[in-house]
Amino acid sequence: MESGLRPMDAEQLRENGHKMVDFIADYYKSIENFPVLSQVEPGYLRELLPDSAPNQPESLQQVFDDLQAKILPGVTHWQSPNFFAYYPSNSSTAGFLGEMLSAGLNIVGFSWITSPAATELEMIVLDWLAKLLNLPDDFLSAGNGGGVIQGTASEAVLVVLLAARDRVLRTVGKTALEKLVVYGSDQTHSALQKACQIGGIHPENCKLLKADSSTGYALSPDLLSEAVSHDITNGLIPFFLCANVGTTSSTAVDPLLELGKVTKSNGIWFHVDAAYAGSACVCPEYRHYIDGVEEADSFNMNAHKWFLTNFDCSVLWVKDRNALVQALSTNPVFLKNKASDANMVVDYKDWQVPLGRRFRSLKLWMVLRLYGVENLQRYIRNHIKLAKQFEELVAQDPRFEIVAPRKFALVCFRLLPPHRNEDFSNKLNHNLLDTVNSTGKVYISHTALSGKYTLRLAVGAPLTEERHVNAAWKVIQEKASVLLSEFGMNGVS
Ligand SMILES: *Cc1c(COP(=O)(O)O)cnc(C)c1O
């Protein structure tokens, strides 16, 4: 037996790398054979693996065997064409190749000097994407703004909240921290609340304003304006708004232009969370959803959701990069270098929480180059078309209703409450979700809208075709019939 792998040997990398690519390609070829949602029980893996690491090296083949037998059963297959839960987390060949290259070069690009190409490519590619989205020039790197790749939307909202917090505290004094107020609608992702917790915002000052079906779950500018005035009267200091373009629950879109008027006249940092729906705005016909982004101070979208860029790649643009740097920079002596000292370069360590960072722009660059804008637009349009078809199927079945208007590729629907009994309806839909997902044929998820237990089907996996959407609807219909007949009501109530 050979003595195992050396830590880095080009020929061993070539040989084993090819085997790994084959393993992954075979996985994709057979991905539809697995239950989409892993069906294992909690703790399943501890019974299958030894208690401690091996003293002597094992072979790659032994690892592959364990991957097949023990790991894959515990995997939920996000890239399955039958995955419709949450929001998609795209992979693509271009994204995969970029990810390989990023792992292969394995640089740590915290300062420009640590790999000039990593910083400069990130600036250039984010300028490209900003232009594709038709973002205002203030977000481009040529002026005082620019883009940066964060790991997730949660990190994006955290860093801009910290930047905004420190900017206002420089004016009003550090002791005013407990008076600072953050706003969003109650449809805003929980990442905002987490950012407030980390940022030391008083829990009662993270104000989630009510957004219900009367506004299509969008934040009302009047409501924001009233809340801001009320808080100022009470001696509080409004400083941050997180608006949504495409909420996680139902893809609601807040009116950016009107909200921006309120933030501008009150000196409030205006952040736009377009984690999911931002990708659609590369299509001219969907760009209007971010009309008003001119008013924003920062804008975020997850290229790793619906833009064929493997996780993770969350793109954040700011108009005032100095605000980020002032909140997040440190300059220890061991990182000093000529380019940074002369202020000639961007050091992305000052735009994020960690010091170290991967060469993630390679992925986005390769996605943009290897697919091109027209294919990316076609990709988005196809998913939206498929979601529209699914919505029509649901609308044709009188036992179901569409719960919120569809804007992108997410459909929110539910079984109607038999005899108008809402409590029973919630149980029924919960049951339906569980039975559908336990078939392993599809995976959908849920949310609550105005207290209604709502099923969510998001089209967006790269392999999904019309036949998969139709098959998903068939499974949902079949399971609904079984459930309803169990309760003796297989018709319209
Ligand atoms: C998915 C999502 C998030 C959170 O994304 P992470 O990148 O996992 O932090 C935030 N906001 C919205 C609107 C989302 O859809």
Pull up the DSSP beta bridges for the chain and report the antiparallel fraction as a percent, rounded to 5.
-> 60 percent
Per-residue Cβ contact counts at 10 Å, fewest first, order D254, D423, D350 as D423, D350, D254
Computed P(r) (all Cα pairs; segment 147-201; 10 Å bins; percent) = 23, 52, 24, 2
If you find the alpha carbon centre of segment 310-367 and of segment 424-446, how far apart are they in angstrom?
-> 43 Å
Compactness of segment 346-493, expressed as Rg and Dmax over alpha-carbon positions, Å = 19.8, 66
Separation in nanometres of the label points that stand 7 Å from Cα toward Cβ, at E178 and L101 | 5.3 nm
Expressed in nm to one decimal, what extension gain is obtained for the pair Y44 and N234 from 0.36 nm per residue of sequence separation less their Cα-Cα distance?
-> 63.0 nm
Would you give the gap between the C-alpha center of segment 32-79 and the C-alpha center of segment 384-406, rounded to a whole Å?
-> 37 Å
Highest average packing first - 63-70, 161-168, Cβ atoms within 10 Å | 161-168, 63-70
Binned Cα-Cα distances of segment 287-386, short to long, each 5 Å bin given as a whole percent = 2, 10, 15, 19, 17, 15, 11, 6, 3, 2, 1, 0
Restricting to lysine pairs 8 or more places apart or on different chains, what number in segment 228-383 have Cα atoms under 23 Å apart?
-> 7
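Stretched out fully, how many nm does the piece from N337 to V63 gain, at 0.36 nm a residue minus the Cα gap?
Details: separation 274, 0.36 × 274 = 98.64 nm, distance 4.34 nm.
This chain segment gains 94.3 nm when fully extended.
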How many percent of DSSP beta bridges within segment 145-271 run antiparallel, rounded to 5?
-> 10 percent
Cys residues of the chain counted as unpaired, since no other Cys beta-carbon is under 4.7 Å = C242, C281, C283, C313, C412
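So what is the 222 nm mean residue ellipticity for the chain from helices alone, if each DSSP H run of at least 4 adds -39500 (n - 2.57) and you divide by all residues, rounding to the nearest 500 deg cm²/dmol?
On the way: 14 runs with 198 residues, N = 493.
Only helices count here, giving -13000 deg cm²/dmol.
How large is the dipole of the chain about the Cα centre if only Lys and Arg carry +1 and Asp and Glu carry -1, each at its Cβ, rounded to the nearest 20 debye? Please report the intermediate quantities before stating the final value.
Numbers: 45 positive and 53 negative charges, 89 e Å.
The dipole magnitude comes to about 420 debye.
With viscosity set to 0.692 mPa s and temperature to 37 °C, compute the Stokes-Einstein D of segment 1-57, Rh being the Kirkwood radius across alpha carbon pairs; µm²/s, no decimals.
Numbers: Rh = 15.0 Å.
Translational D for this selection: 219 µm²/s.
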Taking the Cβ of each residue in H271, H189 as the centre, tally the other Cβ atoms inside 10 Å and list the residues starting with the fewest.
-> H189, H271
Both in Å, the radius of gyration and Dmax of the C-alpha trace of segment 37-152 are 20.7, 58
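Return the subset of K407/K427; K427/K479; K174/K210; K385/K407; K427/K452 for which the Cα-Cα distance in this structure is over 19 Å, preserving the input order.
Numbers: K407/K427 27 Å; K427/K479 14 Å; K174/K210 30 Å; K385/K407 11 Å; K427/K452 10 Å.
Beyond 19 Å between Cα atoms: K407/K427; K174/K210.
Can you give the convex hull volume of the alpha carbon atoms of segment 120-226 per residue, in Å³? List each step's numbers first, then the result.
Details: hull volume 15.7 nm³, N = 107.
Considering the Cα atoms of segment 120-226, their hull volume per residue is 146 Å³.
Take the Cα atoms of the chain, build their convex hull, and give its volume per residue in Å³. Can you show the working numbers first?
Details: hull volume 88.4 nm³, N = 493.
Dividing the Cα hull volume of the chain by its residues yields 179 Å³.
Quick note: the coordinates plus some simple rules give every number you see, no bench work behind them. None of the values given here were measured: they were computed from a predicted structure. Positions of Cβ are generated from backbone atoms using ideal geometry, with glycine treated the same way; all protein chains shown enter the neighbour counts.
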